[in-house]
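Every number here is computed from the coordinates shown, using simple stated rules; none is lab data. On a predicted model such as this, the values are computed, not experimentally measured, just so you know. Quick reminder, even Gly has a Cβ in these numbers, built from the backbone with ideal geometry, and neighbours come from all protein chains shown.
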Amino acid sequence: MGLQALFFYLFSFVAVASAFMVISARNPVYSVLFLILTFFNAAGLFLLTGAEFLAMILLVVYIGAVAVLFLFVVMMLDIDFTELRAGVLDYAPVGALIGLVLAAELIIVVGGSTLSPEIAKSISMPIPAITERTNTAALGDVLYTHYVYFFQIAGLVLLVAMIGAIVLTLRHRQNIKRQDIPTQVARSPKTAVEVVKVKSGQGL
Amino acid sequence: MTAETFLASLHLSTPELILAVGAMVLLMIGVFTGEKSSGLVTGLAVGLLAVSGAWLIWQTGDGQAYGGVFLSDPFARFMKVLTLAGSMATLIMSAGEARSAGIDRFEFPVLVVLATLGMLLMISANDLISVYLALELQSLALYVVAAMHRDNLRSTEAGLKYFVLGALSSGMLLYGMSLVYGFTGHTGFEAIASALSAEGRSLGLVFGLVFILAGVAFKISAVPFHMWTPDVYEGAPTPVTAFFAAAPKIAAMAMLIRLVITPFEPIVADWRQIVVFISIASMLLGAFAAIGQRNIKRLMAYSSIGHMGYALVGLASGSMAGVRGVLIYMLVYMVMTLGTFACILAMKRKDGNHVENVDDLAGLSQTNPLMATVLTVMMFSLAGIPPLAGFFAKYFVFMAAVEAQLYALAIIGVLASVVGAYYYLRVIKLMWFDEAKGEFARPSGVLRLVYGLSGLFVAAYVLIGGPIGTAAEVAARTFF
């Protein structure tokens, strides 16, 4: 218990502190790096609650893909972040209001599950205890059996997203030089090099 | 799930499998034959939709599949056939106009087939998760199709606007679903219903219901979630607008009917007041906001908002007669919309330029009497003048509302349709009593076929209404 509590406070403290740094750091690259640190600590918190699959997915998807994408955007695009941040104080009341709403919702949810714990027992497909079956295995048990229909539709949604991205962005440009590997490989010295004998003192 | 139940599930969802596998095959054909294959792929896509529809009509045996998350019943089959017919008609109409509308790419029919697949899955969904996934499949394809003419600023604006607002509405829907799941512990429709009748409703569940209805109201473009409709209708290429106005509305309405009647049957009083409110608001906005419109696509957008309001009148009554009324209304609405959009697509000057203003129709009776007659029939029917189809559609929903003692709703509906008649009649007046400004080019054969057939259907509804009413009754009986 002691060790777990220690890690809980460690992860939560670092997560909150680095989340604060995300919005207060002057350099946007630092912001993204702090965002990665926040994700990392959130993954640690997931691990503590026994949701190891979610923790690893958070690492792979959010840090491996999303945050790195952010980093590329921040470094490659010419966006003036100081200008973007100019009016941040004007929006502070709205932000505070949204924060308040979120806090109220959290209190309602936590309060609801504390006041009526029987709600948690009526879920249709509960997760088996961590001692019986690991999280990943439990997900695998249902994903390809009970949820195979959902899984396939999700696949189709991704297919549509891919077609959409290609349709809306791909342009076949004319007069563009492309690498043609078979032609390159098939070239021989005979076709590629022209040997010219130049008489000395005359030039071409 | 054993192998046997899985095979039975596959059998029940054969129409969807045909579309899913077919769309991928079409994609491969398109990719390997290049940009020129647009016509071929469109033809094959129409064939695919036809095969799927034929299977639905001759399919026997209904039931649940994939552990109860997918449902096949007479209601689903009725709405699916309607949706497939709508998609087919728009694909056929777009075939001739694709080049001038800037959507002559093979991805267009493929995306239409995938969107239609999403619609069929929406109609059959019997679980909150399958509702959400099917809705996303349909919406994502529609966002792309709206922005298909990517070199046109208005088309890309329409796509972006639709995407942002659609994502917002999906968020609301999902939030509502998570609340319903949290308070009942189930995502399956029957399980939610039994949990509700056993434990009664709680405040959190009503919150969830409101959010879900808000998300679905966005999809059927009902007030107050209609803001996207006029801009998207105006900006999207015209064949795409015709598609948006017909098939997705049918599917979303079918989903809404199943969603309120199956899982939320025990709390009918709660959802009825929401449906009554959005119905009244849609009817009034559709009637008054359309008066000032000069662009015929915007006019049709407000008209469709109003018509969704009238269809919801039937749903608000919550009875078998009401659901039957909604089914007939959606069928008639779809035919009227397709006929009108076939006429709009035919508004092409001799130099090949498409025009979209209502005033461009002036004097159509002198230049193209047949098209003017069909459009007149459509406008009279949209206004709800007897003995055309639109009158019977309104009659059935209002009668259901009166039977359910929703007198105020029925009276407001009739008054709104009187106001709405003004702008429909204005179009007719322009066509018959004003001087012609210019001639339209002769419409292509498919357009004449589509508006001719829909004109015949609307005019002769008195004669063919009987079997349609019986079919709608069989479909509506599913729930009661």
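Kindly identify the stretch A:1-93 as rounded, prolate or oblate by the Cα gyration tensor criterion: order the square roots of the eigenvalues as a ≥ b ≥ c, call it rounded if a/c is under 1.5, otherwise compare a/b with b/c, prolate if a/b is larger, else oblate. In terms of gyration-tensor shape, oblate. 222 nm [θ] for chain A, helices only, -39500 (n - 2.57) per DSSP H run of 4+, per residue, to 500? Result for chain A: -20000 deg cm²/dmol, rounded to the nearest 500.
With a ≥ b ≥ c the root eigenvalues of the C-alpha gyration tensor of the protein assembly as shown, is it rounded (a/c under 1.5), prolate (a/b larger than b/c) or oblate? The shape class here is oblate. Looking at chain A, which longest stretch skips every one of the chymotrypsin sites (Phe, Trp or Tyr not before Pro) that is in a DSSP loop with at most 12 other Cβ atoms within 10 Å, leaving the sites themselves out? In chain A, the maximal stretch lacking such sites is A:1-90.
For B:Gly188, the residues 5 or more places off, or on other chains, whose built amide H falls under 5 Å of its own are B:Leu128. Our coupling estimate for the stretch B:424-431, obtained by passing each phi through the Karplus curve with A = 6.51, B = -1.76, C = 1.60 and θ = phi - 60°, is 5, 5, 4, 4, 5, 4, 4, 6 Hz, Gly and Pro reported as x. The fewest-to-most ranking of B:Trp271, B:Trp432 by surrounding Cβ atoms within 10 Å reads B:Trp432, B:Trp271. When only Cα pairs below 8 angstrom with a gap of at least 6 residues are kept, the stretch B:4-130 shows a relative contact order of 37 percent. Taking amide H as placed 1.01 Å from N in the peptide plane, the amide H of B:Asn357 sits under 5 Å from that of B:Ile296, each at least 5 places away or on another chain. For the stretch A:127-192, trypsin sites (Lys or Arg not before Pro) are listed when DSSP marks them as loop and at most 12 other Cβ atoms sit within 10 Å of their Cβ; the list is A:Arg171, A:Arg173, A:Lys177, A:Arg178, A:Arg187. Taking Cα atoms only, the orientation of helix A:148-169 departs from the longest principal axis of chain A by about 40 degrees. Computed from phi, the 3J(HN,Hα) profile of the stretch B:261-266 under the Karplus parametrisation 6.51, -1.76, 1.60 (θ = phi - 60°) reads 7, 7, x, 9, 4, x Hz, with x in place of Gly and Pro. The charge dipole of the stretch A:15-112, taken about the Cα centre with unit charges on the Cβ atoms of Lys, Arg (+1) and Asp, Glu (-1), comes to about 180 debye, rounded to the nearest 20.
Calculate the dipole size of the stretch B:70-150 relative to its Cα centre from +1 charges on Lys and Arg beta carbons and -1 charges on Asp and Glu beta carbons; express the result in debye to the nearest 20. Dipole of the stretch B:70-150, to the nearest 20 debye: 160 debye. Between B:Ala408 and A:Gln179, the distance separating the two model label sites (each 7 Å from Cα on the Cα→Cβ line) works out to 7.2 nm.
If the cut-off is a Cα-Cα distance under 27 Å, which lysines reach B:Lys350, setting aside same-chain residues fewer than 8 apart in sequence? Cross-link targets: B:Lys36, B:Lys297, B:Lys429, B:Lys437.
With everything on Cα atoms, drop me the angle between helix B:445-459 and the longest principal axis of chain B, reported from 0 to 90° to the nearest 10. Once rounded, the angle reads 60 degrees. Shielding value for B:190-202 is 1, the average number of Cβ atoms from other chains within 10 Å of each residue's Cβ. Counting beta carbons within 10 Å around each of B:Glu265, B:Glu35 and listing the fewest first gives the order B:Glu35, B:Glu265.
Mean partner shielding of peptide A:164-170, defined as the number of other chain Cβ atoms within 10 Å of each residue Cβ, is 5.
Given the stretch B:41-190 reduced to its alpha-carbon atoms as identical point scatterers, what log10 I(q)/I(0) does the Debye formula return at q = 0.12, 0.13, 0.21 Å⁻¹? The Debye formula, applied to the Cα set alone, gives -0.60, -0.69, -1.28. Ordering B:Glu16, A:Glu52, A:Glu83 by the number of other Cβ atoms within 10 Å of each residue's own Cβ, fewest first, gives A:Glu83, A:Glu52, B:Glu16.
Can you list the lysines whose alpha carbon is less than 16 Å from that of B:Lys80, not counting same-chain residues fewer than 8 positions off? In chain and number order, the partners are B:Lys249. Per residue, chain B reaches -26000 deg cm²/dmol at 222 nm when only DSSP H runs of four or more residues are counted, each adding -39500 (n - 2.57). Rounded to the nearest whole Hz, the Karplus-based 3J(HN,Hα) values (6.51 cos²θ - 1.76 cosθ + 1.60, θ = phi - 60°) of the stretch A:31-36 follow the sequence 4, 5, 5, 5, 4, 4, with x at glycine and proline.
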